[in-house]
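S.K.: I'd like to ask you about the structure that follows.
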Amino acid sequence: MVKKLLHTRMRVNDLGRSVKFYQDALGLKLTRQHTSPRGAQLAFLSTPNSDEEIELCQLPNSPSVQVQPDLMHLAFEVDNLAAFAAELERKGFKLSDGPTPTGSGSVIAFIDAPEGYEVELIQRAK
């Protein structure tokens, strides 16, 4: 039996560009960066109030990453989606979908990361 989730790995085409997106748009923190024994460039990002990390991986001499629509997404809770979206816009980022109210009273929206990975933003019902 596993003990806990440690990280989620996502391949990217440009490690620096992707790290900048997750730092600038979402406020994640780069915790470490190194080259794996297999030659992959790795960057780990910490998420607020969570032990799990996001691992970004750029593999040398590999095909370009082409993310299929609706393949997977990361979801983050925000306190105020309208204020968060306004701050994203101020930083030069745009929502790709939403905001959309849900049946439970939450509000959701999406922003796309550089390779097309979706990032869901959730303002939970109060």
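S.K.: Select from the range 48-69 the residues that are assigned to a loop (DSSP other than H, G, I, E, B), out of contact with any Asp or Glu (no Cβ under 7 Å at 6 or more places or on another chain) and under 17 Å from E118 (Cα atoms) and list them in ascending order.
M.R.: Those that are assigned to a loop (DSSP other than H, G, I, E, B), out of contact with any Asp or Glu (no Cβ under 7 Å at 6 or more places or on another chain) and under 17 Å from E118 (Cα atoms): Q66, Q68, P69.
S.K.: Next up: Please find, within the range 49-62, the residue that is surrounded by the most Cβ atoms within 10 Å (Cβ to Cβ) out of those that are closer than 19 Å to A75 by Cβ and more than 12 Å from the chain's Cα centre (by Cα).
M.R.: The residue in question is E52.
S.K.: Checking the structure you have, find out if any residue of the range 30-46 is under 30 Å from A125 (Cα atoms), surrounded by fewer than 16 Cβ atoms within 10 Å (Cβ to Cβ), out of contact with any Asp or Glu (no Cβ under 8 Å at 6 or more places or on another chain) and polar (S, T, N, Q).
M.R.: no
S.K.: Separate question: I'd like to check something: does the range 22-34 contain any residue that is of a type in the set (K, R) and under 28 Å from E87 (Cβ atoms)?
M.R.: Scanning the range 22-34, I find at least one residue that is of a type in the set (K, R) and under 28 Å from E87 (Cβ atoms), so the answer is yes.
S.K.: For L121, only one of the following conditions fails: (1) without any contact (Cβ under 8 Å) to a residue 24 or more places away in the chain; (2) within 15 Å of the chain's Cα centre (by Cα); (3) surrounded by 12 or more Cβ atoms within 10 Å (Cβ to Cβ); (4) farther than 17 Å from V19 by Cα. What is its number?
M.R.: It is condition (1) that L121 fails.
S.K.: Could you grab me the full set of residues in the range 70-91 that are under 15 Å from the mean Cα position of the chain (by Cα) and not in a helix (DSSP H, G or I)?
M.R.: Within the range 70-91, D70, L71, M72, H73, L74, A75, F76, E77, V78 meet the criteria.
S.K.: Just checking, does the range 28-45 include any residue being of a type in the set (F, W, Y), assigned to a strand (DSSP E or B) and either over 27 Å from V107 (Cα atoms) or free of Cβ contacts under 8 Å to residues at least 40 places away in the same chain (or both)?
M.R.: yes
S.K.: Got a number for residues in the range 48-71 being closer than 22 Å to L121 by Cβ and either among the hydrophobic types (A, V, I, L, M, F, W, C) or out of contact with any Phe, Trp or Tyr (no Cβ under 7 Å at 6 or more places or on another chain) (or both)?
M.R.: 12
S.K.: If you don't mind, another one. Residue under question is D24, and the condition is that it be over 18 Å from Q123 (Cα atoms), touching a residue at least 24 places away in the same chain (Cβ under 8 Å), of a type in the set (D, E) and not in a loop (DSSP other than H, G, I, E, B); does it hold?
M.R.: So D24 fits the description; yes.
Quick note: the coordinates plus some simple rules give every number you see, no bench work behind them. Because the structure is a prediction, the values reported are computed rather than measured. Every residue, glycine as well, gets a Cβ built from its backbone with ideal geometry; the counts of neighbours run over all protein chains shown.
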